[in-house]
1. Please go through the range 8-55 and pick out each residue that is modelled with pLDDT of 85 or more and exposed (fewer than 10 other Cβ atoms within 10 Å of the Cβ).
2. When the range 1-33 is examined, which residues are found to be over 16 Å from E59 (Cα atoms) and assigned to a loop (DSSP other than H, G, I, E, B)?
3. Only residues in the range 54-69 that are within 18 Å of R14 (Cα to Cα) count as the first member; pair them with residues that are among the charged types (D, E, K, R), Cβ under 7 angstrom, at least 6 apart or cross-chain, and list the lot.
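The values are calculated or read from the model by the stated rules, or taken from the named source; none is laboratory data. Note that the coordinates shown come from a computational prediction; the quantities given were computed from them, not determined experimentally. Note that each Cβ is placed from the backbone with ideal geometry, even for glycine, and that neighbours are counted across all protein chains shown.
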Amino acid sequence: MDDAAKLTMFEGLRPQLEAACQEGEERFQLDQLAMRNGETLRVVADPCDTLAALDRQIETLRSKTAADR
């Protein structure tokens, strides 16, 4: 998956995480595809922590895709 596709995917996840964080949910479940073997991994995490990490990743990908243009 290239950086532009990752950025689109992460930006699509952001509203769900933001809503879960604002609603005070303690746990948020994400289904992620494992890059190596295509198996689905189920990840349960704190939505606010996950949102912060996702925002950092989005900014990194935005910088990388802007530099590639």
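1. Scanning the range 8-55 gives G12, P15, E23, G24.
2. M1, E23, G24, E25, E26, R27
3. Final answer for the pair search is L54/R14; I58/E11; L61/D3; L61/K6.
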